[in-house]
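Each remark here refers to the structure printed beneath this line.
The values are calculated or read from the model by the stated rules, or taken from the named source; none is laboratory data. Worth saying up front: this structure is predicted, and the values here are computed from it rather than measured. Here the Cβ is made from the backbone with ideal geometry for all residues, glycine too, and neighbour counts use every protein chain on show. Keep in mind that these areas ignore ligands, DNA and RNA; they rest on the heavy atoms of the full protein, side chains included. Shrake-Rupley method; radii C 1.70, N 1.55, O 1.52, S 1.80 Å.
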Amino acid sequence: MKNAASSMEPLDEKWGAVVLAAGKGTRMHSPKPKVLMEMLGEPMLAYVLDTLEPLFSSRIFVVVGHEAESVRTRFEDRSCTFVHQAEQLGTGHALQAAWDDLAAAGIEKLLVINGDTPLVTTRDVASFVERGANAHLAFLTVSLLDPGAFGHVVRQEGRVRAIIEARDYDRDTYGPATGEINAGLYCMNMRSVEPLLGKLTAENAGGEYYITDLVGHGLEAGLQVEGVPAAAARTSGDGDVLRLLGINSPRELVRAETHLRESIVDALLGAGALLRSPEQLRVGPHVVVEPGAEIVGPCEIYGRSVIESRARVESHCVVTESRVEKGAVIHSFSHLQGAHVGPMCSVGPYARLRPGAILQEKAKVGNFVEVKKATLGPGAKASHLTYLGDAEIGADVNIGAGTITCNYDGKRKHVTRIEHDVFVGSNTALVAPVTVGAHALIAAGSVITQDVPENALAVARSRQTVLKNRGNRPDDEAS
């Protein structure tokens with residue numbers, strides 16, 4: 001969604017991109033790699049890759065280190081190349097780790113971006129590349145009222161002289177901070193920059209190899225080094241400038257997520273979706289909500305879910321990787337994951353559709369019903385208190401309250417098949433594998449362990465016994 005308005009032409013094949021994604025992110029206070037921390041159901045690194053792919057295609061190199069395998073696994077479907085940084089010794093060291101792979105791929109011009117900048121858009125990158133492409137080394141700058149812990153840009157007579165990390169900044173040496181900081185995006189000519197890589201040292205307060213030191217080395221070597229301002233006006237860091245800055249803490253993550261959430265919801269409203277209580281809606285960046293769909297907050301919709309026109313999702317629902325077709329209603333407090341709800345269906349309230357749940361036209365799943373890897377045919381209904389797993393249910397079937405498909409024997413899953421126009425009485429257990437033929441009727445309270453023929457009545461329960469004298473109760477004896 002954040003790149004929806006950007007239809008940029010791909011860059012020349014001599015261009016490549018490096019994403020720095022090896023750090024621990026200790027300030028996030030999570031064992032999870034920082035780039036896997038999520039915003040609206042998607043890890044931060046996914047946003048960065050979405051931004052880069054229209055411009056660089058498969059010429060994207062991701063430097064991983066901390067929990068490298070978990071990052072690789074999460075993005076194994078992406079057409080990027082992973083480079084392992086065995087020791088996390090800083091951004092400059094990460095670039096050194098990727099250099100040989102870049103050269104082997106024939107990359108001549110390089111964009112470097114941090115993996116914790118999920119709000120940077122394709123348009124941002126394209127604009128920066130266009131403005132910085134002619135320099136030997138260029139970096140994007142932002143002016144803030146409070147530069148905080150960002151690298152300070154030092155200029156002399158308007159020309160860049162250095163980038164000094166905040167912990168190393170000495171006012172007596174460099175003068176008062178101007179508020180111009182390094183945003184962490186770099187363009188570089190690989191042939192020109194290569195001789196500088198070996199000059200990086202860890203002689204600084206952080207004990208790391210900084211990519212920012214390339215600026216000073218480049219100036220000493222007589223290279224053209226440019227600081228490309230993202231905006232001329234000074235700002236508090238909110239609004240448009242926020243998207244250019246990296247995320248380093250839970251506070252910053254939530255602030256960025258809020259910014260993204262608001263922009264997505266506003267775009268959907270502008271496109272014609274009816275979003276009630278929009279301030280309480282969380283909609284992921286890949287979700288499609290068609291014009292004419294109605295969603296009532298609070299509500300969460302994630303993944304590549306699709307809510308079609310004239311569908312309605314009521315409040316307190318969570319929808320993930322699911323499709324809700326035209327005219328369907330998802331009533332309050334329902335949970336859908338990997339489900340497909342057909343046209344004019346009714347789900348909930350308090351229903352749970354798990355992966356593989358398919359409801360065909362006008363099917364109904366009511367309150368406290370769970371469906372997993374099961375298809376309900378047109379007009380079929382399970383109105384309440386039911387579990388349907390690994391089942392094929394035909395058209396116009398009625399599933400009574402308390403019915404369960406016993407699909408697991410302790411080792412394997414088995415399928416229950418119920419053909420069309422079957423009536424299943426309440427409190428029935430269908431022990432799979434079992435097939436119930438068309439137009440059959442299952443008496444309430446039955447445990448079905450054998451196939452039921454078409455048009456048959458199946459009764460599988462003990463005969464009721466009635467004793468004329470109910471017997472004395474302990475209370476009666478006490479009296």
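Run G175 past the list (1) out of contact with any helix residue (DSSP H, G or I) (no Cβ under 7 Å at 6 or more places or on another chain); (2) modelled with pLDDT of 90 or more; (3) small (G, A, S) and report the number of the one that doesn't hold.
So G175 meets the others, but not (2).
Can you list residue pairs whose Cβ atoms sit under 9 Å apart, with the first residue in the stretch 166-186 being under 21 Å from L119 (Cα atoms) and the second being part of a helix (DSSP H, G or I) and among the hydroxyl-bearing types (S, T, Y)? Count only pairs 6 or more apart in sequence or on different chains.
G184/T91
Please go through the stretch 259-281 and give me each residue that is within 16 Å of D116 (Cα to Cα) and out of contact with any helix residue (DSSP H, G or I) (no Cβ under 7 Å at 6 or more places or on another chain), ordered by number.
Here is the first cut: in the stretch 259-281, the residues within 16 Å of D116 (Cα to Cα) are 259-260.
Within the stretch 259-281, just L260 meets the criteria.
Output the residues belonging to the stretch 410-445 that are within 18 Å of V371 (Cα to Cα) and among the acidic types (D, E).
E419
Determine whether the stretch 189-198 contains at least one residue that is touching a residue at least 12 places away in the same chain (Cβ under 8 Å), under 24 Å from K34 (Cα atoms), out of contact with any Ser or Thr (no Cβ under 6 Å at 6 or more places or on another chain) and not in a strand (DSSP E or B). Talk me through it step by step, then tell me what you get.
In the first step, residues of the stretch 189-198 are kept if they are touching a residue at least 12 places away in the same chain (Cβ under 8 Å); the result is 189-197.
Next, from what is left, pick out any that are under 24 Å from K34 (Cα atoms): none.
Checking the stretch 189-198: not a single residue is touching a residue at least 12 places away in the same chain (Cβ under 8 Å), under 24 Å from K34 (Cα atoms), out of contact with any Ser or Thr (no Cβ under 6 Å at 6 or more places or on another chain) and not in a strand (DSSP E or B).
Mind listing just one residue for me: the one in the stretch 187-213 that is under 29 Å from L119 (Cβ atoms) and open to solvent by 60 Å² or more (accessible area, probe 1.4 Å) and, of those, modelled with the highest pLDDT?
The first filter runs over the stretch 187-213 and keeps only residues under 29 Å from L119 (Cβ atoms), leaving 187-190, 193, 200, 204-206, 208-213.
Subsequent filtering for residues that are open to solvent by 60 Å² or more (accessible area, probe 1.4 Å) retains 205, 208-209.
Working: A205: 77, E208: 89, Y209: 92.
By that ranking, first place goes to Y209.
Evaluate the following for R131: is it surrounded by fewer than 21 Cβ atoms within 10 Å (Cβ to Cβ), closer than 17 Å to Q224 by Cβ and free of Cβ contacts under 8 Å to residues at least 40 places away in the same chain?
So R131 fails the test.
Which of the residues spanning the stretch 151-184 are surrounded by fewer than 22 Cβ atoms within 10 Å (Cβ to Cβ), among the aliphatic types (A, V, I, L, M) and more than 35 Å from the chain's Cα centre (by Cα)?
V154, A162, A177
Hey, does the stretch 87-99 have a residue that's in contact with a helix residue (DSSP H, G or I) (Cβ under 7 Å, 6 or more places away or on another chain) and open to solvent by 30 Å² or more (accessible area, probe 1.4 Å)?
Yes - at least one qualifying residue is present in the stretch 87-99.
Tell me, yes or no, whether the stretch 130-141 has at least one residue that is among the acidic types (D, E) and more than 14 Å from V241 (Cα to Cα).
First pass over the stretch 130-141, keeping only residues among the acidic types (D, E): 130.
Retained after the next criterion (residues that are more than 14 Å from V241 (Cα to Cα)): 130.
There is at least one residue in the stretch 130-141 that is among the acidic types (D, E) and more than 14 Å from V241 (Cα to Cα).
Quick one: count up the residues across the stretch 330-343 that are surrounded by fewer than 20 Cβ atoms within 10 Å (Cβ to Cβ) and touching a Gly at 6+ places or on another chain (Cβ under 8 Å).
Pass one, the stretch 330-343, residues surrounded by fewer than 20 Cβ atoms within 10 Å (Cβ to Cβ): 332-333, 337-338, 340, 343.
Within this subset, residues satisfying the condition of being touching a Gly at 6+ places or on another chain (Cβ under 8 Å) are 332-333, 338, 343.
Summing the residues that are surrounded by fewer than 20 Cβ atoms within 10 Å (Cβ to Cβ) and touching a Gly at 6+ places or on another chain (Cβ under 8 Å) in the stretch 330-343 gives 4.
For the stretch 283-327, how many residues are under 15 Å from G338 (Cβ atoms) and either in a loop (DSSP other than H, G, I, E, B) or without any contact (Cβ under 8 Å) to a residue 12 or more places away in the chain (or both)?
Count: 8.
Here is a list: V120, V160, V125. Which entry is of a type in the set (A, V, I, L, M, F, W, C) and assigned to a strand (DSSP E or B)? If you could, list the steps in order and put the result at the bottom.
Details: V120 fails: assigned to a strand (DSSP E or B); V125 fails: assigned to a strand (DSSP E or B).
Unique residue meeting the criteria: V160.
Please find, among G366, G445, G389, the residue that is surrounded by fewer than 20 Cβ atoms within 10 Å (Cβ to Cβ) and either outside any helix (DSSP H, G or I) or over 35 Å from the mean Cα position of the chain (by Cα) (or both).
Details: G366 fails: surrounded by fewer than 20 Cβ atoms within 10 Å (Cβ to Cβ); G389 fails: surrounded by fewer than 20 Cβ atoms within 10 Å (Cβ to Cβ).
When all the criteria are applied, what remains is G445.
Residue-wise test of (1) in a loop (DSSP other than H, G, I, E, B); (2) more than 29 Å from V287 (Cα to Cα); (3) touching a residue at least 60 places away in the same chain (Cβ under 8 Å).
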| residue | (1), (2), (3) |
| --- | --- |
| V19 | no, no, yes |
| R27 | no, yes, yes |
| P31 | yes, no, no |
| L52 | no, no, yes |
| A86 | yes, yes, no |
| Q96 | no, yes, yes |
| D100 | no, yes, no |
| I107 | yes, yes, yes |
| V112 | no, no, yes |
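Looking only at the stretch 438-459, decide whether some residue is under 25 Å from G342 (Cα atoms) and in contact (Cβ under 8 Å) with a residue 12 or more places away in the chain. Spell out the reasoning first.
Going residue by residue through the stretch 438-459, those that are under 25 Å from G342 (Cα atoms) are 438-439.
Remaining after also requiring in contact (Cβ under 8 Å) with a residue 12 or more places away in the chain: 438-439.
Yes; the residues of the stretch 438-459 include at least one that is under 25 Å from G342 (Cα atoms) and in contact (Cβ under 8 Å) with a residue 12 or more places away in the chain.
Six or more apart or on different chains, Cβ under 9 Å: which pairs go from a residue in the stretch 373-399 that's aromatic (F, W, Y) to one that's crowded, with 24+ Cβ neighbours inside 10 Å and assigned to a loop (DSSP other than H, G, I, E, B)? Could you list them?
Sorted first by the residue in the stretch 373-399, then by its partner, the pairs are Y387/T403.
I need the full set of residues from the stretch 403-420 which are surrounded by fewer than 18 Cβ atoms within 10 Å (Cβ to Cβ) and either in contact with a Lys or Arg (Cβ under 6 Å, 6 or more places away or on another chain) or in a loop (DSSP other than H, G, I, E, B) (or both), in order please.
Hits for the stretch 403-420 are D409, G410, K411, R412, H414, V415, H420.
Any idea which of G216, G246, G227 is under 17 Å from G179 (Cα atoms), surrounded by 14 or more Cβ atoms within 10 Å (Cβ to Cβ) and modelled with pLDDT of 90 or more? So that I can check it myself, show each step before the final result.
Details: G216 fails: under 17 Å from G179 (Cα atoms); G246 fails: modelled with pLDDT of 90 or more.
That would be G227, the only listed residue that is under 17 Å from G179 (Cα atoms), surrounded by 14 or more Cβ atoms within 10 Å (Cβ to Cβ) and modelled with pLDDT of 90 or more.
Of everything in the stretch 448-470, what is open to solvent by less than 100 Å² (accessible area, probe 1.4 Å) and in contact with a strand residue (DSSP E or B) (Cβ under 7 Å, 6 or more places away or on another chain)? Give them in sequence order.
First, pick out the residues of the stretch 448-470 that are open to solvent by less than 100 Å² (accessible area, probe 1.4 Å): 448-449, 452-453, 456, 458-460.
Passing the criteria: I448, T449, V452, A458, A460.
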